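The structure appears below as structure tokens.
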């Protein structure tokens with residue numbers, strides 16, 4: 001429709017009647033007038049990175065005419081559905097939201113809501129999805145489409161088709177309102193969205209509700225494993241925000257941060273930023289890093305809005321001037337990283353005579369580093385540390401680009417890496433055995449629970465030093481500690497660090513949680529090695545005698561056999577064991593059988609658990 005015709009018709013009609021939206025039914029032709037006159041107002045609510053406090057994006061929302069019966073989005077979309085014009089309204093809302101986003105010159109990502117049925121139908125009709133969304137320019141990677149479920153959409157096939165179409169066009173995808181309506185974990189598993197938005201029911205009051213806490217903790221672990229980022233909706237209390245931050249939830253939005261507004265905030269309140277930047281404090285006893293957080297580069301991800309290759313150097317200079325904390329700016333085209341612009345080198349070069357005049361209007365690619373350090377979100381922090389040791393020193397100051405599935409995800413810094421590793425070491429030390437520094441009971445139990453929850457079969461090998469007390473009594477605690485450390489070293493060498501877990505229960509008791517296929521050979525190698533390496537720990541006369549002099553419980557002088565390693569093994573299948581307590585009890589029973597056999601021996605319990 002011509003703009004002039006639309007304007008004249010709008011002037012000819014009376015304004016929308018002001019009504020009590022809760023008490024009256026809107027007139028049947030109101031939705032028609034709204035669509036014809038495009039009488040919609042976009043508003044934007046910030047989505048914040050819960051570790052840095054930076055604004056990561058905005059959710060674009062819509063409002064009907066002020067004071068009318070259809071001002072509320074719920075009533076507006078309900079009226080459109082009843083009139084059979086829901087897809088038309090959705091596309092109009094998208095165009096309004098995206099137009100406003102570019103008009104306001106907002107740089108972070110924009111989240112727009114569309115039902116999967118509408119997107120899938122457009123693809124089926126060969127409609128240009130980019131044009132339908134009202135997209136403009138070369139910034140497709142900045143648009144995230146939230147597949148929003150309406151009451152009328154019940155078919156998972158719509159989600160699959162919508163996802164495929166959006167991916168094909170280069171848009172990001174979010175699954176909206178997980179935990180409410182038809183959306184489910186199965187749907188999440190099948191369509192693998194970039195973002196998953198958690199319904200406010202599970203967010204509000206989580207600080208005082210252990211069940212909600214456990215639900216969110218599980219979702220965060222799933223998100224880390226499948227490459228999605230969680231967005232918590234409806235944050236209204238500081239206590240809830242603290243829990244979400246400590247759980248490692250990536251992003252959040254809600255009235256505590258900011259209400260939707262036609263002109264949204266561009267920076268979060270300083271007190272809130274300060275709270276988000278604090279070191280995580282455990283709110284519930286279950287919240288330890290060892291129990292619930294993945295030590296990957298995803299933990300370091302900071303949202304930095306990239307520049308496009310065609311952006312000129314004056315624009316880059318303005319970005320650096322506006323944000324003194326920026327060490328570097330990534331250059332990204334259609335979601336793919338192209339290079340990195342170092343703040344220090346850029347400003348140093350720009351300050352030289354005539355550089356601004358010569359290069360100011362030229363593309364920023366002429367001054368970028370085309371070979372920055374690229375890191376995948378799932379790279380372990382250990383691998384990342386080893387990678388950074390081998391790069392040029394300048395990369396440590398500039399930072400590195402983090403990618404997910406080859407697409408730009410954000411930036412990371414060496415300083416944050418050091419801070420995260422230090423935090424992990426401190427928390428590991430909190431639960432470690434002080435003699436061997438191996439994980440203690442808390443991480444042992446947590447690891448077993450993770451394996452069982454994932455349905456992962458594994459082997460639990462309970463290891464104990466036979467006749468350790470007589471050895472300790474005869475030689476003293478110092479040499480007793482050396483014997484324990486020898487056992488720890490031997491068992492550690494028998495493990496595959498990428499698949500197997502070694503914990504120190506206490507005293508001379510250890511446990512191996514093995515996922516290696518050759519677990520039996522590893523256990524046998526451990527006892528053989530222990531037997532071969534214990535000789536230097538005994539006095540020559542005890543070696544010649546084949547035992548250590550001591551007293552039994554009745555005070556009688558006897559010779560105890562030399563210390564040896566007994567290993568009792570039980571195969572733990574998630575279908576047979578339901579908690580770490582059951583596995584521990586079964587492994588302890590197997591260890592008793594091993595000790596009865598005597599010597600350096602491995603006993604495998606091959607009977608099924610009762």
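The table below lists the values:
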read-out	value
Subset of the stretch 447-467 [surrounded by fewer than 19 Cβ atoms within 10 Å (Cβ to Cβ) and not in a loop (DSSP other than H, G, I, E, B)]	449, 450, 453
Within the stretch 222-245, considering residues that are over 19 Å from residue 405 (Cα atoms) and surrounded by fewer than 20 Cβ atoms within 10 Å (Cβ to Cβ), the one modelled with the highest pLDDT	234
Strands (runs of 3 or more DSSP E) within the stretch 557-610 that include 1 or more residues loosely packed, with under 13 Cβ neighbours inside 10 Å and in the same structural domain as residue 528 (by TED's automatic domain parsing)	557-561
Any chance residue 491 is without any contact (Cβ under 8 Å) to a residue 40 or more places away in the chain, surrounded by 16 or more Cβ atoms within 10 Å (Cβ to Cβ) and over 31 Å from the mean Cα position of the chain (by Cα)	yes
Residue within the stretch 519-532 that is in a loop (DSSP other than H, G, I, E, B) and buried (at least 22 other Cβ atoms within 10 Å of the Cβ) present	no
Members of the stretch 221-249 found to be assigned to a loop (DSSP other than H, G, I, E, B) and closer than 14 Å to residue 46 by Cα, listed by number	233, 234, 235, 236
Members of the stretch 395-446 that are assigned to a loop (DSSP other than H, G, I, E, B), within 22 Å of the chain's Cα centre (by Cα) and surrounded by 20 or more Cβ atoms within 10 Å (Cβ to Cβ)	399
Test result for residue 182, at pLDDT below 85 and touching a helix residue (DSSP H, G or I) at 6+ places or on another chain (Cβ under 6 Å)	no
Condition check for residue 382: buried (at least 18 other Cβ atoms within 10 Å of the Cβ) and either under 24 Å from residue 53 (Cα atoms) or not assigned by TED's automatic domain parsing to the domain that holds residue 169 (or both)	no
Test: residue in the stretch 64-75 that is in contact with a strand residue (DSSP E or B) (Cβ under 9 Å, 6 or more places away or on another chain), at pLDDT 90 or above and surrounded by fewer than 18 Cβ atoms within 10 Å (Cβ to Cβ)	no
Selection within the stretch 379-396 - touching a strand residue (DSSP E or B) at 6+ places or on another chain (Cβ under 8 Å) and modelled with pLDDT under 80	380, 394
Some residue of the stretch 253-276 being modelled with pLDDT of 95 or more, surrounded by 20 or more Cβ atoms within 10 Å (Cβ to Cβ) and part of a strand (DSSP E or B)	no
Count of residues meeting criterion [under 19 Å from residue 440 (Cα atoms) and out of contact with any strand residue (DSSP E or B) (no Cβ under 6 Å at 6 or more places or on another chain)] in the stretch 506-516	2
Residue check, residue 546 modelled with pLDDT of 95 or more, more than 15 Å from residue 480 (Cβ to Cβ) and either assigned by TED's automatic domain parsing to the domain that holds residue 480 or surrounded by 14 or more Cβ atoms within 10 Å (Cβ to Cβ) (or both)	no
Lone unmet requirement of (1) in contact with a helix residue (DSSP H, G or I) (Cβ under 9 Å, 6 or more places away or on another chain); (2) more than 18 Å from residue 522 (Cβ to Cβ) for residue 569	(2)
Single residue of 206, 196, 173 found to be more than 21 Å from residue 378 (Cα to Cα) and touching a helix residue (DSSP H, G or I) at 6+ places or on another chain (Cβ under 8 Å)	206
Flag for residue 417 being in contact with a helix residue (DSSP H, G or I) (Cβ under 9 Å, 6 or more places away or on another chain) and under 30 Å from residue 600 (Cβ atoms)	no
Single residue of the stretch 287-309 satisfying the filter (over 10 Å from the mean Cα position of the chain (by Cα) and closer than 15 Å to residue 430 by Cβ) that is modelled with the lowest pLDDT	287
Residue match in the stretch 320-341 (condition: at pLDDT 90 or above and farther than 28 Å from residue 296 by Cα)	yes
Matching entry among 103, 127 (being in the same structural domain as residue 229 (by TED's automatic domain parsing), closer than 21 Å to residue 38 by Cβ and modelled with pLDDT under 80)	127
Residue list for the stretch 457-482, restricted to those being touching a strand residue (DSSP E or B) at 6+ places or on another chain (Cβ under 9 Å) and closer than 29 Å to residue 571 by Cβ	457, 458, 459, 460, 461, 462, 463, 464, 465, 466, 467
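The values are calculated or read from the model by the stated rules, or taken from the named source; none is laboratory data. Small disclaimer: the values here were computed from a predicted structure and weren't measured. Cβ coordinates were reconstructed from backbone atoms using ideal geometry, including for glycine residues, and neighbour counts include every protein chain displayed.
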